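Undergrad: Quick one: this structure, given as structure tokens, is what I'll be asking you about.
Taken together, the values in this text are just the output of simple stated rules run on the coordinates, not laboratory data. The structure displayed is predicted, hence computed values, not measured ones. Here the Cβ is made from the backbone with ideal geometry for all residues, glycine too, and neighbour counts use every protein chain on show.
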Amino acid sequence: MHASYYHKAHACVMVFDVQWKVTYKNLNTWYKELREFCPEIPCSMVANKIDADMNVTQKSFNFARKFSLPFYFVSAADGTNTMLRLFNDATKLAVAYKQNSGDFMDEVMRELESFDRQKKSENLSAEEESCPEEKPPSA
């Protein structure tokens, strides 16, 4: 993946296909890369396509435990273990992270956004001061 995929990210959902083992094996590489660019963002892990074999839900997937990641079994195809819970949880983690992030680049981005808002506010104030008040037409 390219670093631009992580730009301004506040959460990550890593998904592997329970029918395609190479996707599980690639989690380590993907996670290492994620942490290189976003060392602190919250990450969740998803085992997808459980509709093909519900027995996979009885298996232990050590990757999530090793990194203390929230873990979900889902089927995007039939809605098993609806992904709504996953996205609600990931969104809550993302919002909390954004509000409390100590990541250097997040701090830089907050400063730039604050500077931009301040500049826009100053420009609006200057425009209001330079616009003469309209007087109602005299009869």
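Undergrad: Please list, ordered by chain and number, the residues whose modelled amide H lies under 5 Å from the amide H of residue 13; skip anything fewer than 5 residues away on the same chain.
TA: So residue 13 has HN proximity to 44.
Undergrad: My understanding is that a pair violates if its Cα-Cα distance is over 22 Å; which of 92/120; 59/98; 21/66; 8/66; 49/98 do that in this structure? Before the final figure, lay out each step's value.
TA: Details: 92/120 30 Å; 59/98 34 Å; 21/66 18 Å; 8/66 26 Å; 49/98 31 Å.
Long pairs (Cα-Cα over 22 Å): 92/120; 59/98; 8/66; 49/98.
Undergrad: Sort 13, 108 by Cβ crowding within 10 Å, fewest neighbours at the top.
TA: Numbers: 13 18, 108 10.
So the ranking, lowest neighbour count to highest, is 108, 13.
Undergrad: Mean separation of Cα pairs under 8 Å and 6+ residues apart, divided by the residue count of the chain: what relative contact order is that in percent? All intermediate terms of the calculation are to be shown ahead of the outcome.
TA: Values: 126 pairs, mean separation 32.3, N = 139.
Relative contact order comes out at 23 percent.
Undergrad: At 222 nm, what helix-only mean residue ellipticity would the chain give, in deg cm²/dmol to the nearest 500, using -39500 (n - 2.57) for each DSSP H run of four or more? The partial results should precede the final answer.
TA: Details: 5 runs with 66 residues, N = 139.
That calculation yields -15000 deg cm²/dmol at 222 nm.
Undergrad: Order the peptides 93-99, 52-58 from the highest to the lowest mean number of other Cβ atoms within 10 Å of their residues. Don't jump to the answer; show the numbers that get you there.
TA: Details: 93-99: 15.1, 52-58: 11.1.
Per-residue Cβ counts within 10 Å, averaged per peptide and sorted highest first, yield 93-99, 52-58.
Undergrad: Just order 14-26, 114-126 by mean Cβ neighbour count inside 10 Å, highest at the front, would you? Before the final figure, lay out each step's value.
TA: Numbers: 14-26: 14.8, 114-126: 10.0.
Result, highest mean first: 14-26, 114-126.
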